[in-house]
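The values are calculated or read from the model by the stated rules, or taken from the named source; none is laboratory data. As the structure is a computational prediction, the values presented were derived from the model and not from experiment. Note that we place each Cβ from the backbone using ideal geometry, even for glycine, and neighbour counts take in every protein chain shown. These accessible areas exclude ligands, DNA and RNA; they are computed on the full protein's heavy atoms, side chains included. Shrake-Rupley method; radii C 1.70, N 1.55, O 1.52, S 1.80 Å.
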Amino acid sequence: MRVLLVEDDAMIGRSLRQALLNEGMSVDWTMSGLDGENSVRLGAYAAILLDLGLPDTTGFDILRRLRAGGDQIPIIVLTARDAVEDRIAGLDLGADDYIVKPFDVRELIARIRAVIRRRAGAAQPMLQTSALTLDLGSHELAFGQERRILSAREFALMRALMERPGTILSRSQIEERIYGWGEEVESNAVDVLIHSLRKRFGKDLISNVRGAGWMVMKG
């Protein structure tokens, strides 16, 4: 799952980015509001975390422009502004949630999952095929008789595949989903992750389509 963080405070940005990476998310972080808007046009994000007090524009203006343009990406406002009027304004402009700083990162991560579920119309934090179940909260993968907690990268890879069962994802598509800007990606990183998962769950967990990529089966 790829998330866009628009936050101009370097300390908060670094802390949030690392916390989200630890949860298996890939994170693109910009300290400029206008750069954030440009990133939305260029990237495919599952959610946006948006500060209101930015140096070049306001989070309210970004919200207004994105929603006026028809963009329905889930947006969570992260701000120190705790006035009721600001909360009402943010939600009325189209924010899916509004969190006042300081906050517990665990709560933020739960709220990210919740807004994505609401947008998708899903009640349970699970991804399922006929053979696989991935718990988005605990990161537990069940396949056959095996049930194991995945590492952050393994979870991100399985989530990318299970969100589109029956669809082949290329190496570059998978890397885009599990790595953020500026992260060094070894040429065989995806292969190593898949090998590790197959070693524990069996070779039928993930199918390789030679020269094209990888997939999990629908049935």
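Mind counting the residues in segment 139-176 that are crowded, with 20+ Cβ neighbours inside 10 Å, closer than 26 Å to W29 by Cβ and touching a Leu at 6+ places or on another chain (Cβ under 8 Å)?
Total meeting the criteria: 10.
How many of the residues in segment 200-219 are over 16 Å from R147 (Cβ atoms) and either outside any loop (DSSP other than H, G, I, E, B) or open to solvent by less than 20 Å² (accessible area, probe 1.4 Å) (or both)?
8
Would you check which residues across segment 46-63 are outside any helix (DSSP H, G or I) and crowded, with 20+ Cβ neighbours inside 10 Å and list them?
Across segment 46-63, the qualifying residues are A46, A47, I48, L49, L50, D51, L52, L54.
Among (1) assigned to a loop (DSSP other than H, G, I, E, B); (2) on the phi < 0 side of the Ramachandran plot, which single condition is G70 missing?
The failed condition is (2).
Enumerate the pairs (first residue in segment 109-129 and open to solvent by 60 Å² or more (accessible area, probe 1.4 Å) and assigned to a loop (DSSP other than H, G, I, E, B); second residue anywhere and of a type outside the set (F, W, Y) and modelled with pLDDT of 75 or more) with beta-carbon separation below 8 Å, excluding pairs fewer than 6 apart on the same chain, so at least 6 apart or on different chains.
A123/R117; Q124/R117
Does V77 satisfy the criteria of being assigned to a helix (DSSP H, G or I) and within 20 Å of E7 (Cα to Cα)?
The answer is no for V77.
Could you count how many residues in segment 5-19 are open to solvent by less than 10 Å² (accessible area, probe 1.4 Å) and either touching a residue at least 60 places away in the same chain (Cβ under 8 Å) or not in a strand (DSSP E or B) (or both)?
Result for segment 5-19: 3.
Kindly list, by first and then second residue, each pair from a residue in segment 20-48 that is under 13 Å from R2 (Cβ atoms) to a residue that is open to solvent by 60 Å² or more (accessible area, probe 1.4 Å) and of a type in the set (F, W, Y), limited to pairs with Cβ atoms under 6 Å and residues at least 6 apart or on different chains.
D28/W181
Of the numbered conditions (1) touching a residue at least 12 places away in the same chain (Cβ under 8 Å); (2) surrounded by fewer than 19 Cβ atoms within 10 Å (Cβ to Cβ); (3) not charged (D, E, K, R), L66 satisfies every one except a single condition; which is it?
Unmet condition: (2).
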